[in-house]
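Each reported figure results from applying straightforward, stated rules to the coordinates on display, with no laboratory input. Not measured: the values here are computed from a predicted model. Cβ placement follows ideal geometry from the backbone for every residue including glycine, while neighbour counts extend to all protein chains displayed.
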Amino acid sequence: MIVAEQKPLDEIKAMIADYEKILIVGCGTCVTVCFAGGEKEVGILASSLRMATKLDGQNKEFLEATVQRQCEYEYNEEVAEQIKEADVILSLACGIGVQTLTEQFPEKLTLPGLNTTFLGQPTEQGVWAERCQACGDCVLALTGGICPIARCSKSLLNGPCGGSQNGKCEIDPDIDCAWQLIYDRLKALDKLDLMMQIKPVKDWSTGRDGGPRRIVREDLRLEAAS
Amino acid sequence: MKAGSNLEKVLAAGHFAATGELGPPKSADREVIEKKAGYLKGHVDAVNITDCQTAVVRMSSISVGTMLLGLGLEPTIQMTCRDRNRIAIQADLLGAAALGIKNLLCLTGDHQKFGNHPRAKNVFDLDSMQLLQMVKAMRDEKRFECGEEMEGREPRFFIGAAANPFADPFEYRPHRLAKKVAAGADFIQTQIVFNVPKFAEFMKKVCDLGLHEKVYILAGVSPIKTLGAARYMAKFVPGMDVPDEMVRRMKESPKEKREEEGIQICVEIIQQVREIPGVAGIHLMAIEWEEAVPEITERAGLLPRPQV
């Protein structure tokens with residue numbers, strides 16, 4: 001899932017300083033699951049902002065809405081009327097949701113209430129960890145299903161650097177050394193030969209380095225669009 | 001001869017090599033280089049110049065290497081993958097070769113988190129293995145990483161790589177060294193050896209794999225200057241193995257004699273690693289203590305350096 005966390009309240013207050021009627025729009029997908037921007041968080045943020053701005057002597061109105069999936073136009077149509085009423089939109093979706101609202105409702109400014117942090121998974125209650133960097137050329141078949149691009153601090157492809165100790169990464173004792181994990185996994189699978197081969201220079205052009213990416217599926221496009 | 005450097009000739013002639021290290025200043029002071037070079041000249045076969053080690057901004061490795069050439073010392077420049085992509089690395093190496101630099105150590109590079117610009121964006125377009133492959137292909141196949149053929153003179157380096165025998169997984173380390181040899185390493189400089197028995201165990205596996213016949217392995221050594229440094233390295237430097245015995249020796253030594261004890265330990269380690277099969281030399285890293293190099297090399301019996 002896309003993992004995000006809410007921006008500090010002061011930063012949000014500064015963003016909405018010039019507006020009176022603010023529509024907070026949550027998203028029912030990834031950010032609901034990671035407790036950052038679902039219906040519940042929209043309610044909590046609205047209450048916090050009502051109190052905080054009132055204490056500051058400001059007269060602001062906060063409207064609340066949550067759509068199923070803010071990254072798709074059809075779900076956002078549900079809040080079109082509320083958007084008309086508002087001075088500004090405060091999105092509690094990931095950056096994709098923010099930009100979808102921006103494109104769909106260009107007459108209104110959409111502000112980000114969250115920081116989109118990474119593609120990851122909940123590893124335990126209350127903890128999320130990065131698992132994928134969307135490099136566009138998956139190497140998991142060669143690394144026992146553990147991603148060195150996302151999980152090695154240096155995105156190394158040829159084994160652990162000299163800073164791997166006791167299974168941890170040199171940059172932070174809370175981070176597992178991805179290559180220790182890969183080594184253990186490949187050993188258990190009797191596939192350590194994969195770690196003896198040199199993995200050649202990676203083609204990063206399939207990742208963000210190749211410029212903003214898009215996928216066109218002709219088989220799925222509508223006749224009129226093609 | 002791959003590059004015909006002094007270091008390569010010393011090793012090829014079968015001499016026990018000694019390389020040193022010079023940490024560039026965090027300023028534009030040429031005088032610092034001249035002073036440090038004075039301690040190293042005549043005492044080692046080549047001098048490594050670090051490439052912003054621990055991700056702290058310092059005078060660049062290639063520029064200091066050029067200064068050393070002028071001062072009559074042979075430089076080994078270091079190149080990391082942290083700050084440059086394949087375009088910048090190849091461009092800098094063409095320039096380094098044109099300036100007369102013949103030894104190159106290829107490293108992944110310390111993460112910027114440790115340095116003085118922890119908010120920087122890192123590169124890591126390549127890792128050290130791929131850097132070795134690229135540099136070897138530039139030299140031996142006259143082609144750039146993209147496959148394009150090089151017109152004109154190719155950069156010819158005696159190519160080095162690092163190995164850390166003490167990092168985890170310990171049993172994988174000799175195999176990682178084998179990969180570096182396959183990728184193009186001509187010589188290896190190891191992490192600082194304090195735990196000699198563990199290093200010997202590593203070297204035994206390296207020899208079992210026949211790697212000592214394919215690559216020159218220089219054992220990293222370093223004098224400990226203070227008790228604090230010993231404790232710090234033992235506790236806080238990942239991938240560094242400082243046995244309690246070393247810390248104890250520093251502690252039990254009177255304060256005013258600790259530098260001497262540090263040098264004594266270093267000399268003993270040099271003598272011990274010299275006896276380990278497969279060790280072709282030592283790499284003496286007297287970091288910010290270059291003035292200790294003449295005494296260490298003298299007492300370890302490494303002088304005079306061979307003329308080849």
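How large is the Kirkwood hydrodynamic radius of the protein assembly as shown, in angstrom, based on all distinct alpha carbon pairs?
Details: mean 1/r = 0.0379 Å⁻¹.
Roughly 26.4 Å, rounded to one decimal.
Taking only the Cα atoms of chain B, how large is their convex hull per residue, in Å³?
Value for chain B: 129 Å³ per residue.
Per-residue mean of other chain beta-carbon atoms within 10 angstrom of the beta-carbon, peptide A:178-185?
Details: counts 0, 4, 4, 0, 0, 4, 1, 0.
Shielding by partners across A:178-185 averages 2.
List the GluC sites (Glu not before Pro) within the range B:150-247 that fall in a DSSP loop (any state other than H, G, I, E or B) and whose Cβ has at most 14 other Cβ atoms within 10 Å. Before the final figure, lay out the partial values.
Numbers: sites: B:Glu151, B:Glu171, B:Glu201, B:Glu213, B:Glu245; in loops: B:Glu151.
Those that pass, being in a loop and sparsely packed, are B:Glu151.
Take the Cα radius of gyration of chain A and divide it by 2.2 N^0.38 Å, with N its residue count; two decimals is plenty.
1.26
May I ask for the Kirkwood hydrodynamic radius of the range A:2-118, worked out over all distinct Cα pairs and given in angstroms to one decimal?
The answer is 13.7 Å.
Which three extents, in angstrom, do the Cα atoms of the range B:40-95 have along their principal axes, listed largest first?
Taking the Cα atoms of the range B:40-95, the three principal extents are 35, 25, 16 Å.
Order these by the 10 Å Cβ neighbour count, fewest first: B:Lys36, B:Lys26. Before the final figure, lay out the partial values.
Values: B:Lys36 26, B:Lys26 13.
Arranged by neighbour count, lowest to highest, B:Lys36, B:Lys26 become B:Lys26, B:Lys36.
Shielding of B:180-190 by partners, i.e. mean partner chain Cβ atoms within 10 Å per residue? Intermediate results must be reported in sequence, preceding the final value.
Details: counts 3, 0, 3, 3, 1, 0, 0, 0, 0, 0, 1.
So the per-residue partner count for this stretch is 1.
Mind checking the dipole of the range A:105-226: about its Cα centre, +1 per Lys or Arg Cβ, -1 per Asp or Glu Cβ, Debye to the nearest 20? Numbers along the way, then the final one.
On the way: 15 positive and 16 negative charges, 32 e Å.
Charge dipole of the range A:105-226: 160 debye, to the nearest 20.
How would A:Arg50, B:Arg156 line up from fewest to most surrounding beta-carbon atoms within 10 angstrom?
Details: A:Arg50 13, B:Arg156 17.
By the 10 Å Cβ count, ascending, the order reads A:Arg50, B:Arg156.
Report the Stokes-Einstein translational diffusion coefficient (µm² s⁻¹, integer) for the range A:134-210, Rh taken as the Kirkwood radius over Cα pairs, at 25 °C with viscosity 0.890 mPa s. It would help to have the intermediate numbers written out before the result.
Numbers: Rh = 12.9 Å.
D = 190 µm²/s.
Need the full-extension length gain, A:Leu55 to A:Leu220, defined as separation in residues times 0.36 nm minus the C-alpha distance. One decimal, nm.
Working: separation 165, 0.36 × 165 = 59.40 nm, distance 5.27 nm.
The A:Leu55-A:Leu220 span can extend by a further 54.1 nm.
In whole angstrom, and with the biggest value first, how far do the Cα coordinates of the range B:165-207 range along each principal axis?
Cα extents, longest axis first: 28, 18, 18 Å.
In a solvent-free Debye calculation with one equal scatterer on each Cα, what is log10 I(q)/I(0) for the range A:34-98 at q = 0.14 Å⁻¹, listed in the order of the q values?
The Cα Debye sum returns log10 ratios of -0.44.
How would A:Cys169, B:Cys106 line up from fewest to most surrounding beta-carbon atoms within 10 angstrom? Present the calculation step by step, with values, prior to reporting the outcome.
Working: A:Cys169 25, B:Cys106 30.
Starting with the residue having the fewest Cβ neighbours, the order is A:Cys169, B:Cys106.
Per residue of the protein assembly as shown, what 222 nm ellipticity follows from adding -39500 (n - 2.57) for every DSSP H run with n ≥ 4, rounded to the nearest 500? All intermediate terms of the calculation are to be shown ahead of the outcome.
Details: 19 runs with 184 residues, N = 534.
Counting only the DSSP helices, I get -10000 deg cm²/dmol.
Which value, in debye to the nearest 20, gives the size of the charge dipole of chain A about its Cα centre, when Lys and Arg are +1 and Asp and Glu are -1 at the Cβ? Before the final figure, lay out each step's value.
Details: 24 positive and 34 negative charges, 145 e Å.
The calculation lands at about 700 debye.
Below 18 Å, Cα to Cα, which aspartates and glutamates can B:Lys142 reach? Residues fewer than 8 away in the same chain don't count.
Hits, sequence-local ones excluded: B:Asp92, B:Glu151, B:Glu154, B:Asp186.
Which residue fluctuates most in the GNM of chain B (Cα springs below 10 Å): B:Lys204, B:Lys235, B:Lys142?
Looking only at B:Lys204, B:Lys235, B:Lys142, the largest GNM fluctuation is found for B:Lys235.
Which of the aspartates and glutamates could be linked to A:Lys202 by a straight reach, that is with a Cα gap under 15 Å, when you skip same-chain ones fewer than 8 residues away?
Qualifying aspartates and glutamates at Cα under 15 Å: A:Asp137, B:Asp125, B:Asp127, B:Glu145.
Which value, in Å to one decimal place, does the Kirkwood hydrodynamic radius take for the range A:177-226 when every pair of different Cα atoms is included?
Its Kirkwood hydrodynamic radius stands at 14.9 Å.
Which net charge results when you count Lys and Arg as +1 and Asp and Glu as -1 among the other residues whose beta-carbon is under 14 Å from that of A:Met1? Before the final figure, lay out the partial values.
Working: positive: A:Arg69, A:Arg131; negative: A:Glu5, A:Glu130.
It works out to a net charge of 0.
Of B:Ser63, A:Gly136, B:His111, whose Cα points farthest to the positive end of the dipole of the protein assembly as shown (charges on the beta-carbon: +1 Lys, Arg; -1 Asp, Glu; origin at the Cα centre)?
B:Ser63
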